[in-house]
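Input: a single structure, listed below in structure tokens.
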Amino acid sequence: MLAGYLVVLLAQSTMISAQGPLGSFNIEPSSISVSGFSSGGFMAAQLGIAYSSLFQSGFGVFAGGPYDCARDQDNFQNCMFNATPMITQPIANVKSFGADGSIDPLTNLLDRRVYLQAGALDDVIGLSITNLLHLQLLQFTKAENVVFVTLADAGHAMPTDQDSKVEGFSPCNESISPYISNCGYDGAGAVLKWLYGNLNERNDLIEGSGSLTPFLQTGPLGAPGLADTGYIYIPETCQRRHQQQHHAAPHTDDGHFPRPRSRSPPPPRPCKLHLALHGCTMNVQTIGDLFIAHAGYNAWADTNDMIVLYPQTTTDNETYDTWSGHIANENACFDWIGQYGDSDRRLDSGGGEHMRAIVAMVRRVAGLDEEAQSGKGKDDEERLRAWGRSWDELETRQPTPQPQPRMPVSYKWWHMIVP
């Protein structure tokens, strides 16, 4: 029945084309952001930190953990199951990668907005793992820019507040497939509001006004462990502006007398771009359209001029050398364990095949130079001094609670617990 959701959806009139190449749109470069769940959450942290010049509107992590967590552990599972992995080395690695230019300047992270969320009953990744990501981020990001939400009654689940609208969700308090649950909490809305500030109210119609379109994840957009097809949600407003931009009639004259040229219309207003990454076993191949159509992102995209990009993984039974030995990707996870990429093992700092392909997708949609990197460089020590910080510090202090009006509910800004 789950696979049938996708067939019905793609048959709707909102579909603009069959599967084809991924197109480019009029995107405001400073509006690009990313969020993800589980393995997609680990990947969102990797992208948000390593490519901070690209993801300027920040990143969100649902049920994920620290950047570079799996590299120096005895086993990547030390970064799962509510364990307490070593965090000092991942923090040191971030500093080292920033200093040698392997990732974008760490000073980009000072003002980045970051949203973290975990379920208190999550026994797959676990609250303690996301806590360590929070600790890691406090070394590089101003504390008031990071919000950490704990759902008291949630397991390992992407939380929504869609009550009885969609069949096939898992119970909120259980950590079972498809890992999308009605928890009475709009996770997609919460992360988007935190990253972008005030947004228009979402479109609560299930169908939406936009188009959920498949595209080819091949060539520079492909990688081992990625499916041949990804999906992109394009609101009607962004599609219309795209057509206006590319099909405007040129000015002409009649060939006899000069004709006064009318003033050219202003260019269409650009749209935002959000990258949404599913977790293991949550790809279309496994759960149909539950994540790409019903995780909650599209309803907000519809009313806020926001395109949502949904890369897709696939099951890969071939074993690869990872940071934790030879492992297959049987659960179709995004790579956060050093599975796909260059032999130098800098797989979460630009050398990883999943990161490379996903960044190429984002740059394609945004109309940016796909060959260019995101501006790797040395850290700006002057900015650090102005902030009164040094990368040589390893601070563990907790921030002073203060109100944050941009969060849509009452909370302790650094760690909110939702009953």
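The numbers here are math on the coordinates, done by the rules we state, and not lab data. From a predicted model like this one, the values you see are computed outputs, not experimental measurements. Methodologically, a virtual Cβ is constructed for each residue, glycine included, from the backbone with ideal geometry; neighbour enumeration extends over all protein chains shown.
Odds and ends about this structure:
- J(HN,Hα) series, the stretch 102-114, from Karplus relation 6.51 cos²θ - 1.76 cosθ + 1.60, nearest Hz, glycine and proline x: 5, 10, 4, x, 5, 5, 4, 7, 4, 10, 6, 8, 9
- Coil-residue GluC sites (Glu not before Pro) of the stretch 72-180, DSSP, other Cβ within 10 Å capped at 16: 167, 174
- Amide proton proximity set for residue 149, modelled H, under 5 Å, gap of 5+: 116, 117, 118, 416
- Whole-number percent relative contact order across the stretch 143-223, with pairs defined as alpha carbons under 8 Å at least 6 apart: 23 percent
- For the pair residue 82 and residue 123 in one chain, pulling the backbone fully straight at 0.36 nm per residue adds 14.1 nm over the alpha carbon distance.
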